[in-house]
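Worksheet: the structure to be examined is printed underneath.
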């Protein structure tokens with residue numbers, strides 16, 4: 001076999017292998033089968049809780065009020081790309097509120113640099129401000145958090161945060177609205 005023929009045979013094998021692994025990954029995501037180390041990564045430090053929302057609106061009402069990105073993430077449980085969010089590398093003093101309903105969620109004192117690509121906090125302003133839900137999507141088990149006031153998807157919480165809580169609330173920027181400290185004095 002000459003070099004040109006050998007090259008084409010090897011290239012065909014590479015393409016077949018890429019196709020096989022891409023198909024396997026897609027199949028595992030669609031069928032929720034756990035492969036390649038995906039598993040249970042929910043936090044063991046928080047118990048599930050769910051409060052009745054005070055703010056309820058139709059999908060059309062939310063669409064009219066929110067940006068497309070906010071709607072996709074907060075109402076459809078989407079995720080913004082890592083390292084792209086407005087608050088990912090943002091450390092001013094103040095409070096973070098739900099972008100959908102304005103409920104207080106986090107303060108800047110609990111924000112830290114985690115390197116994960118999303119804003120990270122080690123504590124919430126008030127545990128009653130969030131719902132804590134088991135999330136079994138994408139072939140793994142995680143702990144999702146939503147706003148308890150309007151059920152907006154915020155992100156997930158993990159057990160790899162700094163003291164004193166040991167938690168890392170990994171939050172989508174579009175789920176948040178920041179108000180600087182000087183403007184929150186009366187809130």
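Nothing in this text is a laboratory measurement; each read-out follows from the coordinates by a stated rule. Given the structure is predicted, the values throughout are model-derived calculations rather than measurements.
Rg/Rh for the stretch 78-136 (Cα atoms only, Rh after Kirkwood) is 0.95.
Cα-based radius of gyration for the stretch 122-187, normalised by 2.2 N^0.38 Å, reads 1.23. Against the empirical 2.2 N^0.38 Å (N residues), the stretch 59-184 has a Cα radius of gyration ratio of 0.98.
Given contacts defined as C-alpha pairs under 8 Å and at least six residues apart, what's the relative contact order of the stretch 59-184, whole-number percent? Relative contact order, the stretch 59-184: 28 percent.
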